[in-house]
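Participant: Quick one: the structure is below, and I'll ask about it shortly.
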Amino acid sequence: MLDGPVNFDLYSVGIAIISSLVLGLLVFRQNTRNATNRLFLFFVLANSAWSILNYLSYQVVGLEIGLWFVRLVLTFAVIQSYFFFLLMHTFPSTQLKIKKWPFLLATLTVLLVIFLTLTPAVFSEVVYTPGVPPTPTVAPGIGLFALTTITLVVSGIVFLAKKHKLSTGLEKKRYRLLSWGVISMFSLIVVFNFIFPVLLGFTRLIPFGALFTLPFVVCTSYAIIRHELFNVKVIAAQALTVVIWIVLFSKIFVSPSNSARVVDLLIFLLTVLFGILLVRSVRNEVEQRERLQVLTEKLRAIDKQKDEFISMAAHELRAPMTAIKGYISMIMEGDTGDIPDKARDYLTDVTSVNDRLIRLVNNMLNVSRIEEGRLVYKTEIVKLSDIANSVFKSFKFEAKRKGLEFAVSVPENLKDSVWVDGDRLTEVVGNFVSNSVKYTESGRIDIVITQPTPDRIRLAVKDTGPGISKAEQKKLFQKFFRVKSTAGKTIGTGLGLYISKLLIEKFNGEIGLNSAAGKGSEFWFELPVTEKAPKQAVEFESQREDTNMIQESDKTEPTLPTKDKVA
Amino acid sequence: MPADTDSKTTEESTDASAPIEAAESSSTESFPSADTSTDSSKFPKVLFIEDDPLIVKMYQAKFAHEGLNVIVAEDGVAGLKMALSESPDFILLDIMMPQLSGIDLLEKLRTDSKGKNIPVIVLTNLSEKEEEQKAMKLGVKEYLLKANLTPGEVVSKIKQYLASK
């Protein structure tokens with residue numbers, strides 16, 4: 001073993017060269033047919049040759065061989081830049097990605113320069129002065145050499161920069177890594193091979209060329225091989241592990257004694273084992289996390305799609321239903337003249353069926369939104385009696401058609417202001433009444449408002465229908481549950497009561513059912529009485545203020561008494 | 001909320017003739033009846049912007065019957081043009097339209113001095129709270145779902161707003 005500074009130089013350069021070669025071979029082995037992998041190997045080979053010659057040219061101080069070493073340094077420098085240029089153009093494709101003419105031009109020029117460097121046209125001789133590194137005497141050919149090398153390098157860098165800018169996602173990560181490698185390499189080369197020597201006269205590090213190109217080799221090999229998994233954590237873990245391996249491995253060679261050497265060897269082997277396990281576990285963790293992210297993104301996209309679909313479907317379905325509702329209302333309002341009673345009857349039925357369709361579409365839209373918590377409520381102060389009256393009006397004729405007595409009963413002096421979304425609450429009451437009308441064959445239906453305590457208001461819809469057994473009552477407010485009607489009717493989607501429950505509970509109320517088989521049903525809900533809007537009013541609130549008043553007066557008919565009975 | 005079909009009657013009645021009288025009486029309440037003036041400019045002009053021809057036909061029939069002077073635009077671009085050139089007293093606006101959506105139209109309308117103060121009701125089948133809030137911010141009187149109202153109810157709302165101007 002040699003001692004002193006020479007040892008260190010050889011040592012570090014040797015390791016750098018060996019590492020580069022190993023990486024080059026690994027990359028080539030991964031895919032021998034791929035142009036990128038091949039070009040990388042060629043680059044590494046040229047680079048290694050250059051590194052060795054570069055180092056040797058500073059060690060040999062004899063005239064003849066020395067001159068050849070110095071010349072060959074340039075030869076391999078231009079070969080390196082040639083493969084660098086091609087590699088930057090081609091990465092990461094499997095085929096050579098350069099047009100015919102530029103390729104021919106570059107190749108021919110490089111061949112010419114290679115030839116020239118081997119002649120006195122570039123370096124005519126070398127001057128050796130003790131204490132100063134070998135100084136070659138330049139000849140005119142150096143111009144062409146410099147021009148070619150610089151053009152190739154710059155063009156390669158420009159190309160890389162362009163591709164980096166245009167890429168996205170995973171590809172962009174690979175280009176970023178490449179760029180880091182290139183930047184490190186050229187910074188080191190420029191600083192230690194040009195700036196330091198020229199400005200500071202510091203030429204000590206010129207022979208270490210191999211070390212300067214190492215970052216580039218490492219980054220590029222990683223970018224080529226690991227094209228799926230690209231994560232800083234993994235790279236760091238692997239890099240650190242490899243560095244530790246290299247250090248421990250080389251330590252073996254500088255052990256003071258054989259017994260120490262054995263220990264060092266043992267440590268090295270254990271570290272290799274440990275390193276492999278560690279890196280593997282890091283890889284797994286990172287892979288899993290990335291998989292999770294991908295899945296989450298997919299889920300989010302599907303969710304959004306579902307939303308959009310439901311919204312679109314609701315919108316499309318509503319259009320024809322609007323037309324049906326509109327035209328029938330116009331006929332009923334007499335726009336086409338007198339209509340026979342029987343026609344009016346049938347049209348009333350059609351209207352209520354169509355309204356059920358509309359409610360159905362609204363319900364399906366709402367269920368999906370309520371469940372996701374996406375439903376936005378227009379909460380405001382509403383009078384429960386107004387809602388009761390408006391629902392009464394809506395179902396008046398349907399009930400009459402079925403021969404049922406129908407009444408709404410609102411006591412005087414009622415404190416019935418509630419803080420709810422008026423439209424939604426109207427749907428709930430409408431849902432109760434619609435159920436009663438559906439399932440009650442004879443008798444009566446009553447909407448009854450009572451005040452059990454001064455701060456609670458209660459609305460109940462009682463009917464003389466078939467009633468609901470205790471067993472079915474338990475499941476009633478569930479999604480998609482429908483009571484088995486004795487008449488074998490299958491109406492509704494089973495969503496109405498489910499939505500009603502969700503809504504009432506959202507407004508801090510209670511909902512329930514009193515019933516027994518054969519004894520009729522009473523669907524009820526209770527809400528807290530709220531005179532004034534709570535302090536944390538929704539921003540939306542203030543904009544609706546004036547429209548509120550108009551809506552309220554809309555609901556109240558001027559001649560509607562507080563007690564109303566169907567004749 | 002699906003509404004009763006003859007909401008205008010104030011009494012329980014299956015008499016077929018009653019609705020017609022009620023309709024007529026409400027339309028003569030605050031507007032000059034047809035015989036007091038042949039000048040159609042006295043009738044309020046409503047701009048109806050809607051791309052579905054079936055809906056347009058239906059509402060046009062109702063408007064005519066109720067004594068409202070109606071002009072129709074079948075897409076957003078034409079609608080905006082007419083809103084600014086025809087000085088309507090009221091605008092009924094659909095949201096889902098090709099080329100220029102109702103909301104975009106509204107934004108453009110409100111930046112023009114001629115369009116700033118025209119009362120607008122949005123009449124749509126799109127129940128998206130986001131669109132509704134945008135519309136309310138742009139100063140519409142109401143955001144209504146077509147499927148929940150009859151043409152008659154829409155007309156009476158328009159008349160209410162015009163009367164309260």
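Participant: In whole Hz, with x marking every Gly and Pro, tabulate ³J(HN,Hα) for region B:47-57 from phi via Karplus 6.51 cos²θ - 1.76 cosθ + 1.60, θ = phi - 60°.
Facilitator: Result, ordered by residue: 9, 10, 10, 7, 9, 8, x, 5, 5, 4, 4 Hz.
Participant: Determine the gain in length on full extension of the stretch A:V158-A:T453; use 0.36 nm per residue of separation and subtract their C-alpha separation, reporting nm with one decimal.
Facilitator: 98.0 nm
Participant: Now for a different question. At 18 angstrom or more along the helix axis (alpha-carbon based) and mean Kyte-Doolittle of 0.0 or higher, what helices does chain A contain? Whole DSSP H runs only.
Facilitator: A:4-30, A:35-59, A:63-90, A:100-117, A:141-166, A:169-189, A:209-225, A:232-253, A:258-332
Participant: How large is ³J(HN,Hα) for each residue in region A:407-417, as worked out from phi by the Karplus curve 6.51 cos²θ - 1.76 cosθ + 1.60 (θ = phi - 60°), to whole Hz, x for Gly and Pro?
Facilitator: Each residue's phi maps through the Karplus curve to give 8, 10, 10, 10, x, 6, 6, 9, 9, 10, 7 Hz.
Participant: Among the listed pairs B:K114/B:K159; A:K378/B:K114; A:K304/A:K532; A:K383/B:K157; A:K325/B:K159; A:K438/A:K532, which are separated by more than 26 Å between their Cα atoms?
Facilitator: With Cα atoms farther than 26 Å apart: A:K378/B:K114; A:K304/A:K532; A:K438/A:K532.
Participant: Each residue of region B:93-105 in order: what ³J(HN,Hα) in whole Hz does its phi give by Karplus 6.51 cos²θ - 1.76 cosθ + 1.60, θ = phi - 60°, with x for Gly and Pro?
Facilitator: Along region B:93-105, the couplings run 10, 8, 9, 7, 9, x, 6, 10, 6, x, 5, 4, 4 Hz.
Participant: Also: Please list, in chain and number order, the residues 5+ apart from A:T530 or on another chain whose amide H is under 5 Å from its amide H, with Hs placed from the backbone.
Facilitator: A:S417, A:V418, A:W419
Participant: Could you tell me which of rounded, prolate or oblate describes region A:47-162, using a ≥ b ≥ c as the square roots of the eigenvalues of the alpha-carbon gyration tensor, with rounded for a/c under 1.5 and, failing that, prolate when a/b is larger than b/c and oblate otherwise?
Facilitator: Since a/c reaches 1.5 and a/b is larger than b/c, the shape of region A:47-162 is classed as prolate.
Participant: How many angstrom lie between the C-alpha centres of region A:233-281 and region A:296-341?
Facilitator: Each part reduced to its Cα centre gives a spacing of 72 Å.
Participant: Moving to a separate point now. Looking only at other chains, what is the average number of their beta-carbon atoms within 10 angstrom of each beta-carbon in A:118-125?
Facilitator: So the per-residue partner count for this stretch is 0.
Participant: Would you pull out the residues with amide H under 5 Å of B:A73's amide H, same chain only if 5 or more places away, H placed 1.01 Å from N?
Facilitator: Amide H neighbours of B:A73, under 5 Å, 5+ apart: B:F48, B:I49, B:E50.
Participant: Follow-up question, since we're still on this one. Can you give me the long-range amide H partners of A:E125? Hydrogens built in the peptide plane at 1.01 Å from N, cutoff under 5 Å, separation of 5 or more residues or another chain.
Facilitator: Counting only residues 5 or more places away or on other chains, the set is A:T137.
Participant: What is region A:372-455 by shape, rounded, prolate or oblate, if you read a ≥ b ≥ c off the alpha carbon gyration tensor as root eigenvalues and call it rounded for a/c under 1.5, prolate for a/b larger than b/c, and oblate otherwise?
Facilitator: oblate
Participant: OK, next. Per residue of A:349-360, how many C-beta atoms from partner chains lie within 10 Å of its own C-beta, taken as a mean?
Facilitator: 2
Participant: With r defined as the distance between the Cβ atoms of A:F194 and A:T151 and R0 fixed at 22 Å, what FRET efficiency is calculated, to the nearest 0.05?
Facilitator: My answer for the efficiency is 0.80.
Participant: A further question follows. What is the dipole size for chain A, taken about its Cα centre, with +1 at each Lys and Arg Cβ and -1 at each Asp and Glu Cβ, in debye to the nearest 20?
Facilitator: 1700
Participant: Would you mind computing, in nm to one decimal, how far apart the modelled labels at A:V294 and A:A121 are, each placed 7 Å from Cα along Cα→Cβ?
Facilitator: Computed distance between label sites A:V294 and A:A121 equals 5.4 nm.
Participant: Fewest first, what order do A:V78, A:V529 take by the number of other Cβ atoms within 10 Å?
Facilitator: Least crowded to most crowded, the residues run A:V529, A:V78.
Participant: In nm, give the distance between the simple-model label positions of A:R356 and A:V138, each being 7 Å from the Cα along the Cα-to-Cβ direction.
Facilitator: 9.6
Participant: For the residues A:L365, A:L86, what sequence is obtained by ranking on other C-beta atoms within 10 Å, fewest first?
Facilitator: Ascending number of Cβ neighbours within 10 Å: A:L365, A:L86.
Participant: Provide the FRET efficiency to the nearest 0.05 for the A:Q95-A:A239 pair, computing r from the beta carbons and using R0 = 25 Å.
Facilitator: The pair A:Q95/A:A239 has a calculated efficiency of 0.25.
Participant: Next question, about the same structure. Can you pull the one-decimal nm distance between simple spin-label points at A:R401 and A:I302, each 7 Å off the Cα toward Cβ?
Facilitator: 4.2
Where a number appears in this text, it was derived from the coordinates with a stated rule and is not lab data. All figures in this text were calculated on a predicted structure; none of them were measured in a lab. For neighbour counting, all protein chains shown are included, and Cβ atoms are generated from backbone atoms with ideal geometry for every residue, glycine included.
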